[in-house]
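Presented below is the structure to which this report refers.
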Amino acid sequence: MLAQVKQIIAVASGKGGVGKSTTAVNLALALQAEGKKVGLLDADIYGPSIAMMLGVAEGTRPASADGKSFTPIMAHGLETMSMAYLVSDKTPMAWRGPMASGALQQLLEQTHWGELDVLVVDMPPGTGDIQLTLAQKAAVAGAVIVTTPQDIALLDAQKGIEMFTKVKIPVLGIVENMAVHLCSNCGHEDHIFGSGGGEKVAADYSTQLLGSMPLDRSIRERGDSGMPSVVAEPESDIALRYGAVARQVIEQLAALDDNSGPEIVFD
């Protein structure tokens, strides 16, 4: 039930462990803070984490008025849907690709999404069946690629960019997590995972670096507590960085949505 969803963006990564879900949650909340009506779909069928990050209680289940569709769970003002709402937190999703893809299609199309400006889709890591299913079943406006400065992560990020390019989904830009660590005692900056990698990949693929996030304990703590940085500390440096990313994403989406051609005037 995507008729009332204006635009869909995928938040993706070539590999796990780079902070993709954290980015998806905070980006969705930052878009909402910019005045957008936002939904968040946890498409990471094998490892759904959105429910915990948004503070949704274990055992919360979506209502179904007609027995065929789901009513989204509201969390911090977002319309959300996740496999975590349908199974327990200890249930392993031991499914082959086609089953996982079918589950994504159901969550996407059988959720009664309201009038949304943006639906943010937190993709599973990699470039497999689920990514292709989303590209085939939904009109995805663009993708945000999440990486760290580490060489192996950047290599996988490039694979993600190549995949979206092949299925003709524009890459809106790159978010680089764990870009620098600030010592809590002396303030010393340490680029633990390297530096400049996200910017270089963005340049190589003619896209942009939307933002760099520091390796900050508070980001993890806020996510674990169900109060992400953007809502827990809206004036903090971290929240302001996510806000800057959101504004760039809005600009990119507006540019893609602008189908007006040159004005021809007959004299």
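Could you list all residues from the stretch 212-227 that are open to solvent by 70 Å² or more (accessible area, probe 1.4 Å) and farther than 17 Å from E176 by Cα?
Taking the stretch 212-227 first, the residues open to solvent by 70 Å² or more (accessible area, probe 1.4 Å) are 217, 220-222, 224-225, 227.
Passing the criteria: E221, R222, D224, S225, M227.
List the strands (runs of 3 or more DSSP E) that sit entirely inside the stretch 1-93 and contain at least 3 residues that are buried (at least 24 other Cβ atoms within 10 Å of the Cβ).
Strands (runs of 3 or more DSSP E) meeting the threshold: 5-12, 38-42, 78-82.
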Every residue from the stretch 207-225 that is of a type in the set (D, E, K, R), out of contact with any helix residue (DSSP H, G or I) (no Cβ under 8 Å at 6 or more places or on another chain) and at pLDDT below 90: R217
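The values are calculated or read from the model by the stated rules, or taken from the named source; none is laboratory data. Small disclaimer: the values here were computed from a predicted structure and weren't measured. No Cβ is skipped: glycine too gets one built from the backbone with ideal geometry, and neighbour counts run over all protein chains shown. Only protein heavy atoms, including side chains, enter the accessible area calculation; ligands, DNA and RNA are left aside. Shrake-Rupley method; radii C 1.70, N 1.55, O 1.52, S 1.80 Å.
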